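Read-outs: derived from the displayed coordinates by stated rules, not from any lab. All figures in this text were calculated on a predicted structure; none of them were measured in a lab. Every residue, glycine among them, receives a Cβ derived from its backbone with ideal geometry; neighbour counts consider all protein chains shown.
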Amino acid sequence: MKKAIVMLAAVLLSASMVWAAGDLSRQKSVDLRVLLGAKDAEMVIRPKTWNLETGKLYKVTLVNEGKVKHEWVAPEFTLTIWTRKVEVGGAEIKGIINEIELQPGAKADWYFVPIRTGTFDMACEIEGHKEAGMVGKVVVK
Ligand SMILES: [Cu+2]
């Protein structure tokens, strides 16, 4: 009996170590709406911290509600994800995404799966915007 319990525990433990199986790109997305420039504050990335998990499909909707152009850049983070697509203005863009730039009023839906864990910097790299507060972190667990 004791031996059976130990074996069962070993089976359960090894099963819990299997993190993912199947097509990760076709799962239901976890949706996150992000403002790059808000009505009440131009120089914001909101939320400032994204808490993500590896293996999940995310749909990040980037929206510029501000009055000037903004961009989203996180070079180390974008090397550790797999992008399924970016939907913008009726078009679908596939491939590796390094930067997304949004004119005032623009919106983009970005579908991706984080692969590696870590804490990554994100920012708007337009001159003066980072210094004015357009920075944040992506935390992947
Ligand atoms: Cu900006």
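Taking Cα atoms only, the orientation of helix 2-16 departs from the longest principal axis of the chain by about 20 degrees.
For each pair in 94/141; 3/141; 3/56; 67/141; 56/137, compute the distance between the two Cα atoms and list the pairs where it is over 28 Å. The answer is 3/141; 3/56; 67/141. In the chain, helices alone account for a calculated mean residue ellipticity at 222 nm of -4000 deg cm²/dmol, with every DSSP H run of four or more residues adding -39,500 (n - 2.57). The Cβ shell under 12 Å around residue 89 holds other residues with a net charge of -2, Lys and Arg each +1, Asp and Glu each -1.
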